[in-house]
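Novice: Before we start, here is the structure in question, set down as structure tokens.
The values are calculated or read from the model by the stated rules, or taken from the named source; none is laboratory data. As the structure is a computational prediction, the values presented were derived from the model and not from experiment. All Cβ positions, even for glycine, are placed from backbone atoms using ideal geometry, and neighbour counts span all protein chains on display.
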Amino acid sequence: MKSMLLPVLALWVGCCPGGALAKQGPSLREPTAPPTPLGLPILQPPPLPSPPGTPNGASRQPGPGGWHQKKAHSRDRSGSSTLETTGRGQKRPGSGRGYRRGPADLGIMEQAMPSLPASCLLAQAAIACSNVKMKHVPALTDPGLTTLYLAENEIAKIPAHTFLGLPNLEWLDLSKNKLDARGLHPHAFKNLTRLKRLNLDGNSLSTVPALPTSLQELKLNDNLLQGLQHSSFRGLSQLLTLEVEGNQLHDGNIFPLAFQPLRNLLYLRLDRNRLRTIPPGLPASLQELHLSANVIEEVTEGALNRSRSLSVLVLSNNRLQEDRLAPRAWIDLPKLETLDLSHNRLVHVPSFLPRGLRRLTLHHNRIERIPGYVFAHMKPGLEFLHLSHNSLRADGIHGVSFLGLQSSLAELLLDHNQLQAIPHGLLGLKGLQVLRLSHNKIRHVPLNSICDTRVTQDSNLISTHLENNLIDRRRIPPTAFSCIRAYHSVVLQPQQGEEEGS
């Protein structure tokens, strides 16, 4: 190992005074956290080199980013060079900003770096050993290491002493291994007092392990969790993000005070469990709640009464019917702007919707009508209304169905319904930009149904879809779309029975 490390260290000492890698971008030790559109902080992982199996020169940021191409750096004309990490090399030039390891540190590095698989990748403060059939966590001793990525291996046991040599670890990914409650020692993470992000997705854990109080993000998706106890999240007052989707949670095994310690929680995922109701005792700080793909049948009046900071609520793919939605379930939630009720059993647009709602998603229900004045109480009003894949007919939409949305509504999606005519009330939607009426049974486009020819003002519409109906285009009045500035934004073909482009 010494023969491999000597040239690397010589290169580091000769070319990179003062820690050149630290100057090329954000520090590995100080990741930035830009706000999301909802104001939620994102815990940015330090950059990682490519896990095995990636294309040459590619690196992967675990999370939604996927693979990103990485430029290979080479020696420039001045003779200096930057580090090039390959799938075979184990190059790690120092872990402190401005610190240079020289030949005198070889003995220390050899002790800190045990025998790792050849395809493991090393960077300034990170080690990535993904999908290398590793069966145990290597014994590492390095106070400078902040990121350890061991996903997609065969690790089944983590003893108590495993991380004693990594006191400054901030991000640990053990997802998609073979960990269960017996193999994971209760105090395995005890000494990781600076750990911020922990990913345990895709294991076989039946209980939440003991966790360091420094955690800000915890992922336990796709495990075998059989309940959340009062002590499950003890001391995790700094936790911002909690994901426990795809487990065996139900109304009877979530303790009413399970979430009480999570005083600063912003984001909670409980999708793909077996919940019949919204769990009680949610943190008052919560801003985003995901409960899709459960078996939720009702929303009671007090279920969300403490969640006054909630801005996003996702209840898609459940069993909701409008008569099981309490009248005051969410109407007074002052910050709720996004509500997803898609893939449920609703037969009309629910009443008593949140006053400040901006985005309402109702596709793939059984909706037959939009009651009059159902949006009239909203201020400033919906911007986005998604009603695709329902059972709406022309007589289910009235002239006052969209009252309250005249200036706010920008997108209205009514495709894949049973509409036989252009719905009433569209002329009043002065802010409308996107209108989808495709895949219905519309036969005619009457004058003054989309454009009001009695006024000279142009419409705001930039996308109008009427394809896959029963419209005879030859019978459309010449001025039917006269208010639309870009005629190409009106899509009329193909109609049912026509070939595209005919």
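Novice: Only residues that are charged (D, E, K, R) and either surrounded by 19 or more Cβ atoms within 10 Å (Cβ to Cβ) or in a loop (DSSP other than H, G, I, E, B) (or both): list them for the range 362-383, please.
Specialist: Correct list: R366, E368, K379, E383.
Novice: Which of the residues spanning the range 332-353 are surrounded by 16 or more Cβ atoms within 10 Å (Cβ to Cβ), over 13 Å from L387 (Cβ atoms) and more than 26 Å from the chain's Cα centre (by Cα)?
Specialist: F352
Every residue, every condition in (1) over 17 Å from the mean Cα position of the chain (by Cα); (2) among the β-branched types (V, I, T); (3) over 27 Å from D180 (Cβ atoms), yes or no:
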position	(1), (2), (3)
Q229	yes, no, no
R234	yes, no, no
S237	yes, no, yes
E245	no, no, no
H250	yes, no, no
A258	yes, no, no
N264	yes, no, yes
L268	no, no, no
L275	yes, no, no
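Novice: Of all residues in the range 250-270, how many are surrounded by fewer than 20 Cβ atoms within 10 Å (Cβ to Cβ) and part of a loop (DSSP other than H, G, I, E, B)?
Specialist: 7
Novice: For the range 337-361, which positions are over 21 Å from E297 (Cβ atoms) and in a loop (DSSP other than H, G, I, E, B)?
Specialist: If the condition is that a residue be over 21 Å from E297 (Cβ atoms) and in a loop (DSSP other than H, G, I, E, B), then E337, R355, G356, L357, R358 are the ones that fit.
Novice: Hey, can you tell me all the residues within the range 442-488 that are more than 21 Å from H424 (Cβ to Cβ) and among the acidic types (D, E)?
Specialist: Scanning the range 442-488 gives D458, E467, D472.
Novice: Follow-up question, since we're still on this one. Mind listing whichever residues of the range 469-490 are exposed (fewer than 10 other Cβ atoms within 10 Å of the Cβ), not basic (K, R) and not in a loop (DSSP other than H, G, I, E, B)?
Specialist: Residues satisfying the conditions are Y487, H488.
Novice: Within the range 300-309, is there a residue that is part of a loop (DSSP other than H, G, I, E, B), closer than 20 Å to H377 by Cα and in contact with a strand residue (DSSP E or B) (Cβ under 6 Å, 6 or more places away or on another chain)?
Specialist: Taking every residue of the range 300-309 in turn, none turns out to be part of a loop (DSSP other than H, G, I, E, B), closer than 20 Å to H377 by Cα and in contact with a strand residue (DSSP E or B) (Cβ under 6 Å, 6 or more places away or on another chain).
Novice: Here is a further query. For the range 447-466, which positions are in a loop (DSSP other than H, G, I, E, B), surrounded by fewer than 16 Cβ atoms within 10 Å (Cβ to Cβ) and under 39 Å from the mean Cα position of the chain (by Cα)?
Specialist: The answer is D458, N460, I462.
Novice: Okay, moving on. Restricting attention to the range 327-341, does a residue exist that is among the β-branched types (V, I, T), at pLDDT below 95 and within 27 Å of N273 (Cβ to Cβ)?
Specialist: Yes, that holds for at least one residue.
Novice: Being touching a residue at least 40 places away in the same chain (Cβ under 8 Å) and either farther than 18 Å from A160 by Cα or of a type in the set (A, V, I, L, M) (or both) is the filter here; which residues of the range 130-142 pass it?
Specialist: Across the range 130-142, the qualifying residues are S130, N131, V132.
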